[in-house]
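What follows draws every value from the coordinates through simple rules; no lab data is involved. These numbers were taken from a predicted model, which means no experiment stands behind them. Don't worry about glycine lacking a Cβ; one is built from the backbone with ideal geometry, like all the others, and counts go over all protein chains shown.
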Amino acid sequence: MPFFFKEDEKLFAGKKIALSNDDINHAYRVLRLKCRRKVTVADGRGEAFSGEVTVARPDKVEIILRCPLTIAKPSLKLSLLQSLPKSGKFDLIVRQAVELGVHSIVPVIMERSIPNRKNRQEEKRVRRWRNIARSAAAQCRRPDLPSIEMPRDFASIVTQVEQFKTIIPWENEKNLALADVLKRPLSEGQNVLLYIGPEGGFSDAEIETLVEAGAETVHLGSRILRTETAAITAMVMIQMAWGDLSGKGFSS
């Protein structure tokens, strides 16, 4: 069933909503929706409704909402702090992180990052990432939209480490495996922060600062992974152990 978001309005049964211009193009020209087609509409915060198309034109698609639906949100609040990689790798990271149920994504500028810090270009990139996140959430039928922040400097995010269960895959960690950390039970309601370093690796000073703040360094096995591969691998492992990939929090 086609899935759409309507984030700027309160949704309720019987309400008529009009799709945004971007969604109109997808609904009418790509999906070729016709009147009476059944769809799902979510508010981006966890509420979702079944709906029926009542108007389907190139310039307007309207839907009347029918019944509320129970669609499980990700059960674990997992935040990804990802050092900005080169080229378009962050697009892939955003899409797959959303599909894997990440709660928030924070791009981080680190010592070995290769960022472009022009404000206008940063704003444009964040808008693109949010659009990618919206598309990925609709594709995997999750009713909530994760937050994607503007890029932040390393120093500004260290305080977050003290508030989360913070895990850092690091190529120089030889003793503690992420798999071993995940055997420990997670405290009820505890949020998890996954910190992925740049393509050139964390600097020693950055690791020292994060560990002093309470973070735990781990390894992902015997191979050195690319930053995008490390992010996805670690998220899958965490969701398998503590999240809904294990079946916890699943509802049909």
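With 30 Å as the limit, write out which pairs from Lys124/Lys183; Lys16/Lys77; Lys73/Lys183; Lys15/Lys89; Lys10/Lys183 have Cα-Cα distances beyond it, or answer none.
From Lys124/Lys183; Lys16/Lys77; Lys73/Lys183; Lys15/Lys89; Lys10/Lys183, over 30 Å: Lys124/Lys183; Lys16/Lys77; Lys15/Lys89; Lys10/Lys183.
Have a look at Ile148, Ile232, Val53 and report the one farthest towards the positive end of the charge dipole of the chain, computed about the Cα centre with Cβ charges (Lys/Arg +1, Asp/Glu -1).
Val53
Nearest 20 debye, what's the magnitude of the dipole of region 78-246 about its Cα centre given +1 on Lys and Arg Cβ and -1 on Asp and Glu Cβ?
In total the dipole reaches around 940 debye.
How high is the relative contact order of region 139-252, given as a whole-number percent (alpha carbon pairs under 8 Å, six or more residues apart)?
Result for region 139-252 is 34 percent.
Using the basic label-point model (7 angstrom from Cα toward the beta carbon), what is the Ser135 to Leu92 distance in nanometres?
1.6
Treat the count of other C-beta atoms within 10 Å as a stand-in for reagent exposure and order Tyr195, Tyr28 from fewest to most.
Result, fewest neighbours first: Tyr28, Tyr195.
R0 = 35 Å: FRET efficiency of Ala177 with Lys124, Cβ-based, nearest 0.05?
0.35
Using the Cα centre as the reference, give the magnitude of the dipole from point charges on the C-beta atoms of region 11-154 (Lys, Arg: +1; Asp, Glu: -1; all else neutral), rounded to the nearest 20 debye.
Magnitude of the dipole: close to 420 debye.
Can you give me the relative contact order of region 3-69 as a percent, contacts being Cα pairs under 8 Å and 6 or more apart?
40
Can you pull the three principal axis extents for the Cα set of region 134-252, in Å, largest first?
46, 33, 28
Between Ala42, Ala18, Ala234, where does the largest GNM mean-square fluctuation fall for the chain, given springs only between Cα atoms within less than 10 Å?
Ala18
Checking a compactness column here: for region 18-154, what do you get for Rg(Cα) / (2.2 N^0.38 Å), N being the number of residues? Don't jump to the answer; show the numbers that get you there.
Working: Rg = 17.2 Å, N = 137, 2.2 N^0.38 = 14.3 Å.
So the Cα radius of gyration is 1.21 times the expected 2.2 N^0.38 Å.
Percent antiparallel among DSSP beta bridges with both residues in the chain, to the nearest 5?
40
Rounded to the nearest 0.05, what FRET efficiency do Thr229 and Ser203 give with R0 = 25 Å and r taken as the Cβ-Cβ distance? Could you check?
The computed FRET efficiency comes out at 0.75.
Quick one: angle between helix 89-99 and the longest Cα principal axis of the chain, in degrees between 0 and 90, rounded to 10, please.
Approximately 60 degrees, to the nearest 10.
When the chain is modelled as a GNM with alpha-carbon springs shorter than 10 Å, which of Ser187, Ser50, Ser147 fluctuates the most?
So, out of Ser187, Ser50, Ser147, the one fluctuating most is Ser187.
Using a Gaussian network model of the chain whose springs link C-alpha atoms within less than 10 Å, name the residue from Val41, Val102, Val158 with the highest mean-square fluctuation.
Looking only at Val41, Val102, Val158, the biggest GNM fluctuation is shown by Val158.
Quick one: angle between helix 227-242 and the longest Cα principal axis of the chain, in degrees between 0 and 90, rounded to 10, please.
Roughly 80 degrees, rounded to the nearest 10.
Taking the beta-carbon count within 10 Å as an exposure proxy, list Ser246, Ser222 from fewest neighbours to most.
Ordered by Cβ neighbours within 10 Å, fewest first: Ser222, Ser246.
Using helices alone, what [θ] at 222 nm do you get for the chain, with -39,500 (n - 2.57) per DSSP H run of 4 or more residues, divided over all residues and rounded to the nearest 500?
Details: 7 runs with 74 residues, N = 252.
My calculation for the chain gives -9000 deg cm²/dmol from helical runs alone.
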